[in-house]
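The values are calculated or read from the model by the stated rules, or taken from the named source; none is laboratory data. Please read all numbers here as calculations on a predicted model, not as lab measurements. Backbone-built Cβ (ideal geometry, glycine too); neighbour counts: all protein chains shown.
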Amino acid sequence: MQFPFSSGASPRILLSPLTAALAMAGMPAAAQEMQPQASTPQACFALESDAWRLACYDNVLGYQAPSTTDADLAANTAQQMLHTVRETTRPEDADIAQRVQTRRQVNEVFKQDETFRNALANAGRGSLLDSRWELAKDSKLGTFQLRAYKPIYLFPVFWTSDTNRTPQSPNPANTVTTPQVLDHSEVKFQLSFKTKVAENLFHDNGDLWVGYTQSSRWQAYNSEDSRPFRETNYEPEVMLAFRNNYSLGGWKGRMAGISLTHQSNGRSDPLSRSWNRVILNVGLDQENWALMLRPWYRLDESRRDDNNPDIEDYMGRGDATLVFNPSNGHEVSLMLRHSLRTGDRSHGAAQLDWGFPISNLLRGHLQVFHGYGESLIDYNHKATYMGVGISMLEWF
């Protein structure tokens, strides 16, 4: 995968939107063939997918994932014991001989037993964020294996309250003067994957990931204008993610990361839109909740080549996503985004997603968006959007 960080560029490896849509529509059928329902371990042998085979074994043998609470308790206990050791061996202690003896005993413990280190490295194991980013030491599954990233969905119906027939930008070269022929209803779908390319860069912490997300808006019902693809956004990125273990107001700080992200629509002027960002990712969770905070900094471009010089005042300077994942198969996420400015530069957006089970293999998906920047071409266009369809993968 290549990451062309130039204005208006799009990734070299692109998916045919129609092919992708058809492939997505066929995914439930493929998944049904791999459904891990069996009564004996031997019945799981025929499953070719490693993930489904493991799920089959877990189901047959009654395996339950380790408790996140237990992992956190063990990590906190190890941290307290290490703190006690440090306090015991302070230089201010009067009994130097006792201090030296204690140091020797502690060193022997660590030479023979990795219990403390393993407990600290497995903090948060089994949590929502750990399940997505393999943060705990024993959760890591190796490199160069495709993982789910952002939601994968297909909306046969995606409706907007206000079509953007003449996209505008402060750059005169990126202003459309002839109104486009657009329907209020279209098809929208999104594909998103990530893979780990390096693991444990800093002892037992620090993983390097690369990700790719593609979302398309297809005027499938617009026969008047030959059913064009109105907008496709391409977003490759690289992220360095670290495991954390701290508490903040009842939340557990699980991860921190920094990513380099390019997003563009791959079109020529006047419809070209793109930007590059450095994004700080902070992840917290508790029980069935996960919270991702993402402030970002836009990398500057020359004024002549900037397709959208005021994009930060509309697409924002950061966002927050709250996800609720109960055990009943439903999943709700709320994304809030803002420019972090006042007055005429104050703009933002909110997006609500609800995933719900339809059958053992099929999930429904409802999405509602209101504000600026539902896509790059609409970065400074305010509207309400509603989509309904199917979701292939859960957030967590």
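Quick notes on this one:
- Among the residues of the stretch 111-166, none is identified as acidic (D, E), at pLDDT below 90 and within 14 Å of the chain's Cα centre (by Cα).
- Tally of residues being under 17 Å from L191 (Cα atoms) and part of a loop (DSSP other than H, G, I, E, B) across the stretch 358-396: 9
- Subset tally (residues that are surrounded by 14 or more Cβ atoms within 10 Å (Cβ to Cβ) and free of Cβ contacts under 8 Å to residues at least 24 places away in the same chain) for the stretch 299-308: 0
- Selection within the stretch 340-350 - touching an Asp or Glu at 6+ places or on another chain (Cβ under 8 Å) and either under 27 Å from Y153 (Cβ atoms) or in a strand (DSSP E or B) (or both): H347, A349
- Of all the listed residues (S274, S226, S327, S264), the sole one being touching a residue at least 40 places away in the same chain (Cβ under 8 Å) and farther than 19 Å from Y149 by Cα is S274.
- Test: R317 is basic (K, R), crowded, with 20+ Cβ neighbours inside 10 Å and in contact (Cβ under 8 Å) with a residue 12 or more places away in the chain: no
- Tally, over the stretch 382-396, of residues that are at pLDDT 95 or above and either surrounded by fewer than 20 Cβ atoms within 10 Å (Cβ to Cβ) or more than 22 Å from I311 (Cα to Cα) (or both): 8
- Taking the numbered list (1) over 30 Å from G126 (Cα atoms); (2) free of Cβ contacts under 8 Å to residues at least 12 places away in the same chain; (3) among the acidic types (D, E) in turn, E287 passes all entries but (1).
- Selection status of S259, modelled with pLDDT of 95 or more, of a type in the set (S, T, Y) and more than 30 Å from T166 (Cβ to Cβ): yes
- When each of L366, L362, L293 is tested for being surrounded by fewer than 16 Cβ atoms within 10 Å (Cβ to Cβ) and within 23 Å of R217 (Cα to Cα), the lone residue that passes is L362.
- Qualifying positions in the stretch 131-159 - assigned to a loop (DSSP other than H, G, I, E, B) and surrounded by 15 or more Cβ atoms within 10 Å (Cβ to Cβ): E134, L135, A136, K140, Y149, K150, P151, I152
- Within the stretch 280-290, considering residues that are surrounded by fewer than 21 Cβ atoms within 10 Å (Cβ to Cβ) and farther than 13 Å from S259 by Cα, the one modelled with the lowest pLDDT: E287
- Annotation: L260 fulfils all but one of (1) of a type outside the set (D, E); (2) surrounded by 16 or more Cβ atoms within 10 Å (Cβ to Cβ); (3) closer than 29 Å to V197 by Cβ; (4) touching a Leu at 6+ places or on another chain (Cβ under 8 Å); the unmet one is (4).
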